[in-house]
1. Hey, does the stretch 124-131 have a residue that's free of Cβ contacts under 8 Å to residues at least 60 places away in the same chain and closer than 22 Å to Gln16 by Cβ?
2. Is it fair to say Gly114 is closer than 30 Å to Thr4 by Cβ and in contact with a Gly (Cβ under 8 Å, 6 or more places away or on another chain)?
3. Of all residues in the stretch 188-218, count the ones that are of a type in the set (Asp, Glu) and either part of a strand (DSSP E or B) or closer than 19 Å to Lys253 by Cβ (or both).
4. When you look at Ile103, is it of a type in the set (A, V, I, L, M) and closer than 19 Å to Asn35 by Cα, yes or no?
5. Name the single residue, out of those in the stretch 174-192 being in contact with a strand residue (DSSP E or B) (Cβ under 9 Å, 6 or more places away or on another chain) and under 17 Å from Pro125 (Cβ atoms), that is surrounded by the fewest Cβ atoms within 10 Å (Cβ to Cβ).
6. If a residue has to be closer than 24 Å to Leu218 by Cβ and part of a loop (DSSP other than H, G, I, E, B) to count, how many in the stretch 155-179 make the cut?
7. Looking at the stretch 142-154 only, could you name the residues that are part of a helix (DSSP H, G or I) and either buried (at least 16 other Cβ atoms within 10 Å of the Cβ) or within 18 Å of the chain's Cα centre (by Cα) (or both)?
8. When the residues of the stretch 200-233 are narrowed to those that are among the basic types (Lys, Arg) and within 27 Å of Asn87 (Cβ to Cβ), which ends up modelled with the lowest pLDDT?
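The values are calculated or read from the model by the stated rules, or taken from the named source; none is laboratory data. Worth saying up front: this structure is predicted, and the values here are computed from it rather than measured. Please note: Cβ atoms are built from the backbone with ideal geometry, for glycine as well, and neighbour counts cover all protein chains shown.
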Amino acid sequence: MTKTQQLVDFFDQFEQFSIAVSGGIDSMLLAYIANGYAKAQVNIVHAYSPAVPESALVRVKNYAKKYTWQLKVIDALEFQDDNYLDNPVDRCYYCKSNLYTRIAEHGVGPIFSGTNLDDLGDVRPGLTAAKEQNVLHPYVEVGMNKADIYQLAAHYGLEEIHSLPAQPCLASRVETGIKIKPVDMQFIDKVEQKVRKSLPSLKNIRCRISHQGIFIELDQLPEQALFDRLSARLSQYCAEQGRIFSGMKLYQKGSAFLNGVNHG
């Protein structure tokens, strides 16, 4: 039995359900397969906030139009939650608690997420919130990991999402204990867009806001001449924004989390 058929068999246990779609490959593929092959009424819900890159919202809307999704764009209201804004090490718990609460208000049936088997190996407070609110994870139910998801996306010719790197929310770039602010989310998104224009082939680009200043983390550091030019431009831009540019270094997953919680 194919992975697609296993997912469809899982979906067909339900008359209707809602899928939380972030704009990343996992949830986008899940929505694509459910909307295209499941018998159930499929409701796609995207939560847009300052912590979500504008590109993710555009991507979700484009797919909804192209594949006739029944889409709702909502505000998860996490920026009204002081527990989230304080940016504790379990910030993701408060984020997902708000997200799933809002989806339950706007969606129908059980809520599905794009969590896959590989996610279960990380320390993810958001999974605790999902469990508390009875969120189901179809990829986990049928035994799919990240490699399976990329393979399926390629099979269906979904080139835009197949080429996407991992895209954790912008708040994941802020070091634990530094308050989450909308202006910082905008700054991070703009900086990462600037860097990607100079280094379009890199998979992971992170603008980190730390207690020591602004760091840019990259899969691979560019050759010296480009390194120097890009550093100068970033230093100038940070100065214009009243920030201190502290340099570029190699990407380290979860480096913004001071106790080593494994996130983007």
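1. Yes, that holds for at least one residue.
2. Details: closer than 30 Å to Thr4 by Cβ: yes; in contact with a Gly (Cβ under 8 Å, 6 or more places away or on another chain): yes.
It is true that Gly114 is closer than 30 Å to Thr4 by Cβ and in contact with a Gly (Cβ under 8 Å, 6 or more places away or on another chain).
3. The number of residues fulfilling the criteria is 2.
4. On the way: of a type in the set (A, V, I, L, M): yes; closer than 19 Å to Asn35 by Cα: yes.
Yes; evaluated as a whole, the condition is true for this residue.
5. Our first condition is that a residue be in contact with a strand residue (DSSP E or B) (Cβ under 9 Å, 6 or more places away or on another chain); within the stretch 174-192, this holds for 174-175, 178, 180-181, 184-185, 187-192.
Checking which are under 17 Å from Pro125 (Cβ atoms) leaves us with 174-175, 180.
Working: Val174: 23, Glu175: 16, Ile180: 22.
Filtering the stretch 174-192 for residues that are in contact with a strand residue (DSSP E or B) (Cβ under 9 Å, 6 or more places away or on another chain) and under 17 Å from Pro125 (Cβ atoms), the one surrounded by the fewest Cβ atoms within 10 Å (Cβ to Cβ) comes out as Glu175.
6. Residues flagged as closer than 24 Å to Leu218 by Cβ and part of a loop (DSSP other than H, G, I, E, B) within the stretch 155-179 amount to 10.
7. Of the stretch 142-154, the ones part of a helix (DSSP H, G or I) are 142, 146-154.
Across the stretch 142-154, the qualifying residues are Val142, Lys146, Ala147, Asp148, Ile149, Tyr150, Leu152, Ala153.
8. Just the residues of the stretch 200-233 that are among the basic types (Lys, Arg), to begin with: 203, 206, 208, 229, 233.
Keeping just the survivors that are within 27 Å of Asn87 (Cβ to Cβ) gives 203, 206, 208.
Details: Lys203: 87, Arg206: 96, Arg208: 97.
Step by step, filter the stretch 200-233, then rank; the result is Lys203.
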